[in-house]
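**Student:** I have a structure here, written as structure tokens, and I will follow up with some questions on it.
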Amino acid sequence: MRMCFDLCHSHSVACRLVTEPCEIVFALSTPRIYKSCTLLEQKGKEGTLTFASRPNDAYKRLFLATLSSPSLSDLQVFVKLVPRSYSRDVHKHMADNGLAPKLYGYAEVKGAPTAYVMEYLDPSVWQTLYQLSKPKKKPRKPTVSQLRGALQEIITALDEKSYVHGDLRSNNIMMTNLWT
């Protein structure tokens with residue numbers, strides 16, 4: 001008798017889950033443990049993160065989110081999860097030279113990758129060097145001399161401070177597809 005009651009109860013709960021609407025408070029397939037971040041330009045201040053999705057064809061640790069704080073209006077950002085060491089100083093230096101997206105903040109959760117909150121780069125304008133190398137027909141591909149010049153600019157900026165990029169590869173180089 002007890003088993004019959006449990007089965008009937010389980011069945012009724014399952015039916016309610018299917019038929020009754022439930023509120024989803026987070027975007028599916030997003031990192032729910034990062035609800036806020038420490039803002040870099042406002043020492044000690046926190047910003048709130050609301051995840052939207054993972055960009056199409058994106059690196060598996062890159063997410064779209066909205067960053068909110070009393071001093072910022074809602075700002076669309078990328079959140080990149082990095083499981084190893086990462087130099088905020090190098091990123092800031094490269095961003096100050098216009099060679100990396102602006103770094104807004106970070107979130108650390110014990111036992112999880114660090115989440116770095118950075119400027120949103122519109123995919124209709126920005127692509128990785130890897131994406132540009134794909135055989136798909138893309139308008140206005142950069143020439144070899146344009147690529148060489150852009151890469152030399154990156155290396156020069158790193159050399160200014162004796163920095164070394166620990167992961168310089170085609171998936172980590174963003175380039176505008178609006179070549180002139």
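**Student:** In whole Hz and in residue order, list the ³J(HN,Hα) couplings for region 83-96 that follow from phi through the Karplus curve 6.51 cos²θ - 1.76 cosθ + 1.60, θ = phi - 60°; x for Gly and Pro.
**Tutor:** 3J(HN,Hα) across region 83-96, in whole Hz: x, 10, 5, 8, 8, 5, 5, 5, 4, 4, 4, 5, 5, 4.
**Student:** Loop-only check: which GluC sites (Glu not before Pro) in region 98-176 are DSSP coil with at most 11 other Cβ within 10 angstrom? The partial results should precede the final answer.
**Tutor:** Numbers: sites: Glu108, Glu119, Glu153, Glu160; in loops: Glu108.
Within region 98-176, the qualifying GluC sites (Glu not before Pro) (loop, at most 11 other Cβ atoms within 10 Å) are Glu108.
**Student:** On to the next question. In nm, what is the difference between 0.36 nm times the number of residues separating Asp96 and Gln152 and their Cα-Cα distance?
**Tutor:** Values: separation 56, 0.36 × 56 = 20.16 nm, distance 1.65 nm.
In short, 18.5 nm is gained.
**Student:** Anything over 19 Å Cα to Cα? Flag those among Lys60/Lys80; Lys35/Lys80; Lys92/Lys161; Lys60/Lys102, in the order listed.
**Tutor:** Long pairs (Cα-Cα over 19 Å): Lys60/Lys102.
**Student:** Once the piece of chain linking Val109 and Arg84 is laid out straight, how much longer is it, given 0.36 nm per residue of separation minus the C-alpha distance between them?
**Tutor:** Taking 0.36 nm per residue and subtracting the Cα distance, the gain is 7.7 nm.
**Student:** From the residues Cys37, Pro101, Pro70, which one has its Cα farthest along the dipole of region 27-120 in the positive direction, the dipole being from +1 and -1 charges on Cβ of Lys/Arg and Asp/Glu about the Cα centre?
**Tutor:** Checking the options against the dipole of region 27-120, the answer is Cys37.
Coordinate-derived values only; no laboratory data. The structure presented is a predicted model; accordingly, all values stated were derived computationally and were not measured. Using ideal geometry, Cβ is built from the backbone for each residue, glycine included, and neighbour counts are taken over all protein chains shown.
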